[in-house]
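Please read the structure below before turning to the comments.
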């Protein structure tokens, strides 16, 4: 594989590679779990064995990034090291030990006319992944898709192109020694937006597109795809602290939700405080956030209650509707659980929402009524994650309601098929 | 409700009604099964009680149709009679007795850190239905959505506008005496294409759009929706008769698949005959199809084997790719199961596919390898239907692989939510 493309257009490349993936998918669907696991083991070994090649290819991307003025934080996400490659290979081995979700019987229906209908799980077919700079996504997506018997068309970001080319070369090399067809892994080598846009229209060749990345990437996929999409990513998450909450419970949960890793979708953007709790504890909460390096914005009542020391900016409607993914927090005082629910209904993205309360009744009302993938009582929203849920792996966190919602483990990469056994039944 | 719209644009109407539905959805989600069933019982009773009003409204549509030269078959689909209204009300009562799929626990996960994660089923939220002339779809969709705690925005065809306005008036009138908010049912009164197109972009207000209707309607939804869609409808279904098949088994199955109701998606468009079977039985099969009023197209070998009497036209590639939904059938001779699988892979729409064979081995290979929602051994493809599967009701037949595949009963109208109970857990 090399990047001297022979294709006449981005569409031609996407179509050709998706067609090859679809052809491979037909044979993947009938492989045994052992065959798939053997292939994954070969992949894990090849990644470690071919570390020098991977580092060399990665260095080309890093060099280009440094020359182009890429920020240090992005370069760090792009960078491979021998330790990181070992970690990526370890991730593949974690997928090997997970149960294979394909071939399970979900239903047996015996009809009066003698028809025996069995609903079984099957691979989705061909999955399109559109993502940005982190090269580990290339291997994660490949291993999750192959484990579930799916072919995959990968389209990573231009910043990681040389790394991705080499990674896919290594992975396909490993598949060549396995029962899995190397064509099951396809990498789009044209990193222009046109190549992603071409993928979005490949109905009949791609069964689903999963975008992973920033808001602009996801929005482009949602707005332009005719292929079904699983939306991931956007998270404006709230923590609501009820009037009866213990500050010793509320503060660590709020701090963790905000600062343990602010750049991710399950971190908190807005803290809602019941008026009585705020009157007693706002200065303490605000001080702790400040100390953790958090810039604070507050509603008018928050600003008043906090006094001068906390240096709040006044939060606007726009602030409440913003996913900061950064050390910035909105605080709003509400007069009731009802008002907190209304705020979350208006500004939440239905990702992860938390109530801190000593009242089981308030907790039940919150968990029943908040419409979100994950609703928490007395725990940090940061736990919305496939690994933290015990799924062992994650292809993303769905923020839509169709097909899969919340952290998506291996079962989210399957569909179903009805197998019907008859003995001549016709419909009357 | 009347059709003197006060909206300034199709978009304004769609947005306003979807927003009202979303507001209603919040209260629907927490209703009990009993409350929902009581509302459905009121709806069933009101439909029968208000039959004269419904017939009068329907007559306006019929009159307009007759004046506009609408074909008799379409007028028949549009027409309400007292008996048909009783049948529609009976359909609502059948939904009442079905189990409520909302509130079921799918998983209990106990984490080592003490987090208790429960995955429960919840309503999807707000469902957009875009459909054509049959007024029974209005009531079917409303009852299925309400039973599952969903609000619904209905957008039927212009031919049934007066009937639909009256139906929704009757349904909302019934809801006014129930625990369910009448705003849970919304009907778009502007039957222009612009109103459907506006619905397709209502991300955040609609959770899913389900199109029901002809190919052009479905294609428009797929190509223009940014809201997630469940694709329904297209069916190029095949019956493959293996070399060892008993003609006494094969002929009734093929005939039933073709002529029992040719206008629907699970009827057969192409019959694939193994060469040995064709050599022995093609004239008999072709004669029986002719006798049933089927126009025949065949591959070159079919035409040769059949002789002059059957009057085959030569089938083109285009014919094999066409969903006739009519008394027309392609017949193709294949030399092996493998060639049948290739034909189905190329031309099938992954809906319903059948093999007729005495060989369990051939049947297994076919059922394993054909990628379709429903794969049959020795039974007519006409059984792909929610009622025939024992689901008691059906909102449509999904032809995509995400979320739901094949006949969609009540569970297809639900999503899930993770409820997480902690005691102060934060992420390390």
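The conditions of being in contact with a strand residue (DSSP E or B) (Cβ under 6 Å, 6 or more places away or on another chain), buried (at least 21 other Cβ atoms within 10 Å of the Cβ) and not assigned by TED's automatic domain parsing to the domain that holds residue A:247 are not met by residue A:331.
Checked against (1) assigned to a loop (DSSP other than H, G, I, E, B); (2) surrounded by fewer than 21 Cβ atoms within 10 Å (Cβ to Cβ); (3) within 22 Å of the chain's Cα centre (by Cα); (4) within 14 Å of chain A (Cβ to nearest Cβ), residue B:149 passes all but a single condition, namely (2). In region A:256-281, the residues that are without any contact (Cβ under 8 Å) to a residue 60 or more places away in the chain reach residues that are surrounded by fewer than 19 Cβ atoms within 10 Å (Cβ to Cβ) and in a helix (DSSP H, G or I) with C-beta atoms within less than 6 angstrom, at least six apart or across chains, in these pairs: A:281/A:247.
Considering only residues in region A:196-206 that are out of contact with any strand residue (DSSP E or B) (no Cβ under 6 Å at 6 or more places or on another chain) and in contact (Cβ under 8 Å) with a residue 12 or more places away in the chain, the one that is nearest to the other protein chains (Cβ to nearest Cβ) turns out to be A:203.
Condition check ((1) within 25 Å of residue B:247 (Cα to Cα); (2) outside the structural domain of residue B:126 (by TED's automatic domain parsing)) across all residues:
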{"residue": "B:336", "(1), (2)": "yes, yes"}
{"residue": "B:346", "(1), (2)": "no, yes"}
{"residue": "B:378", "(1), (2)": "yes, yes"}
{"residue": "B:383", "(1), (2)": "yes, yes"}
{"residue": "B:409", "(1), (2)": "no, no"}
{"residue": "B:415", "(1), (2)": "no, no"}
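Restricting attention to region B:190-204 and to residues that are in a loop (DSSP other than H, G, I, E, B) and at pLDDT below 95, the residue that is farthest from residue B:339 (Cα to Cα) turns out to be B:190. Candidates in region A:383-399 are the residues that are at the interface with chain B (Cβ under 10 Å from one of its Cβ atoms) and crowded, with 22+ Cβ neighbours inside 10 Å; of these, the one that is nearest to residue A:124 (Cα to Cα) is A:398. Residue check: residue B:269 meets all listed conditions (1) under 20 Å from the mean Cα position of the chain (by Cα); (2) under 30 Å from residue B:340 (Cα atoms); (3) assigned to a helix (DSSP H, G or I) but one, namely (3). Assuming residue B:14 fulfils every condition listed in (1) more than 14 Å from chain A (Cβ to nearest Cβ); (2) under 30 Å from residue B:201 (Cα atoms); (3) over 26 Å from the mean Cα position of the chain (by Cα) apart from one, which condition is it? Evaluating residue B:14 over (1) more than 14 Å from chain A (Cβ to nearest Cβ); (2) under 30 Å from residue B:201 (Cα atoms); (3) over 26 Å from the mean Cα position of the chain (by Cα) leaves (3) as the failure. For region A:184-195, check the following and say yes or no: at least one residue is within 13 Å of another protein chain (Cβ to nearest Cβ) and touching a helix residue (DSSP H, G or I) at 6+ places or on another chain (Cβ under 9 Å). Checked region A:184-195: no residue is within 13 Å of another protein chain (Cβ to nearest Cβ) and touching a helix residue (DSSP H, G or I) at 6+ places or on another chain (Cβ under 9 Å). Taking region A:28-73 as the range and being modelled with pLDDT under 95, in a helix (DSSP H, G or I) and either within 14 Å of chain B (Cβ to nearest Cβ) or over 30 Å from residue A:325 (Cβ atoms) (or both) as the test, only A:28 passes.
The residue that is nearest to the other protein chains (Cβ to nearest Cβ), counting only those in region B:237-261 that are assigned to a loop (DSSP other than H, G, I, E, B) and crowded, with 23+ Cβ neighbours inside 10 Å, is B:245.
Considering A:154, A:161, A:180, the condition of being crowded, with 24+ Cβ neighbours inside 10 Å and touching a residue at least 40 places away in the same chain (Cβ under 8 Å) is satisfied by A:180 alone.
Examine region B:416-428 for a residue that is in contact (Cβ under 8 Å) with a residue 40 or more places away in the chain, within 13 Å of chain A (Cβ to nearest Cβ) and under 22 Å from the mean Cα position of the chain (by Cα), and state whether such a residue exists. Within region B:416-428, none of the residues are in contact (Cβ under 8 Å) with a residue 40 or more places away in the chain, within 13 Å of chain A (Cβ to nearest Cβ) and under 22 Å from the mean Cα position of the chain (by Cα).
Of the numbered criteria (1) within 23 Å of the chain's Cα centre (by Cα); (2) assigned to a helix (DSSP H, G or I); (3) under 19 Å from residue B:15 (Cα atoms), the one residue B:183 fails is (1). Candidates in region A:207-227 are the residues that are within 9 Å of chain B (Cβ to nearest Cβ), out of contact with any helix residue (DSSP H, G or I) (no Cβ under 8 Å at 6 or more places or on another chain) and not in a helix (DSSP H, G or I); of these, the one that is nearest to residue A:126 (Cα to Cα) is A:207. Selection of first residues in region B:295-318 that are at positive phi and at pLDDT 95 or above and of second residues that are surrounded by 12 or more Cβ atoms within 10 Å (Cβ to Cβ) and in a helix (DSSP H, G or I), restricted to Cβ pairs under 8 Å at least 6 apart or on distinct chains, gives an empty result.
The values are calculated or read from the model by the stated rules, or taken from the named source; none is laboratory data. Only a predicted model underlies this, so the values are computations on that prediction, with no experimental measurement involved. All Cβ positions, glycine included, derive from the backbone under ideal geometry; neighbour counts span all protein chains shown.
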